[in-house]
Amino acid sequence: MEKISSFGRVASESKGYYMKRKYLYIQSIASYLLPAICFMICLSGGNSAFAQRNAYEEALSRFTGAHKYDIEKPGALDGVQSPDFSAETIDGKSVGLASLKGKVVVLNFWFIACKPCKLEVNPLNEIVEKYKNKHIVFLSIAREKQEDLLQYLAANKFDFKTIADPKAFLAGDVFHVLGYPTTIVIDRAGKIRYYSLGGKIDENAVRADFRRKLIPVIDEYLRN
């Protein structure tokens, strides 16, 4: 009986040894494959974002120097895929173009010392009120430090969700904004449908311009 018991114990230990070797072998393969799979997934996503950005940059490159205001002409950037972006608003919420698909997105680029930018604030607040409870997101991207923005906006109402962009990464490196203020409308599929560069001389001129150009675009792409 003792011999049989010993044999059974040896057989059991041998089986356990080979099972452990098999597990370590599978674990070893996984340790090589998983990083490679993750790399390929990231590379695929990165290539997609790179292609989108290249299409935007290629379209934008036509509008420089004396011709930069031609970017506002109908059809200048119409249908060009917006570059992807992600950021955090000054109230700590994460936003990104990919997560906003299915909604119309209005971007406004500005900075505190920009007088034409300030003239747009009240008319833009009125537009936010007009479209509340609709599938639309209003984001302002300010070339300012977060602490300066918090102090300024505590005394000056701006109803857009605001992103601090002190080094102009979003304005410069991503969207290559040609001047301030700039307003961009992106449709539900992530394509640019409106691009306005530069400001007006007074609030009434801003309102008239928004009624003529910006509001019809928002209405159209909220319907589509």
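FYI, it's all coordinate maths here, none of it is from the lab. Everything numeric here is computed off the predicted structure, so don't read it as measured data. Cβ placement follows ideal geometry from the backbone for every residue including glycine, while neighbour counts extend to all protein chains displayed.
Side notes on the structure shown:
- Considering residues of segment 82-102 that are under 16 Å from Val174 (Cβ atoms) and among the acidic types (Asp, Glu) only, the residue surrounded by the most Cβ atoms within 10 Å (Cβ to Cβ): Asp84
- Every condition in (1) over 16 Å from the mean Cα position of the chain (by Cα); (2) crowded, with 20+ Cβ neighbours inside 10 Å; (3) in a loop (DSSP other than H, G, I, E, B) is met by Gly179 except one, and the failing one is (2).
- Reported count of residues in segment 174-188, each being over 14 Å from Phe111 (Cα atoms) and of a type in the set (Phe, Trp, Tyr), is 1.
- Residues of segment 104-155 satisfying the condition of being under 18 Å from Arg211 (Cβ atoms) and among the aliphatic types (A, V, I, L, M): Val104, Val106, Leu119, Val121, Leu124, Ile127, Val128, Ile136
- The lone exception for His135 - which of (1) over 30 Å from Asn54 (Cβ atoms); (2) touching a Lys or Arg at 6+ places or on another chain (Cβ under 6 Å); (3) of a type outside the set (Asp, Glu) it fails: (1)
- Residues of segment 194-206 satisfying the condition of being assigned to a helix (DSSP H, G or I) and under 27 Å from the mean Cα position of the chain (by Cα): Val206
- Hits in segment 128-148 (condition: surrounded by fewer than 21 Cβ atoms within 10 Å (Cβ to Cβ) and either among the aliphatic types (A, V, I, L, M) or in contact with a His (Cβ under 6 Å, 6 or more places away or on another chain) (or both)): Val128, Ile136, Val137
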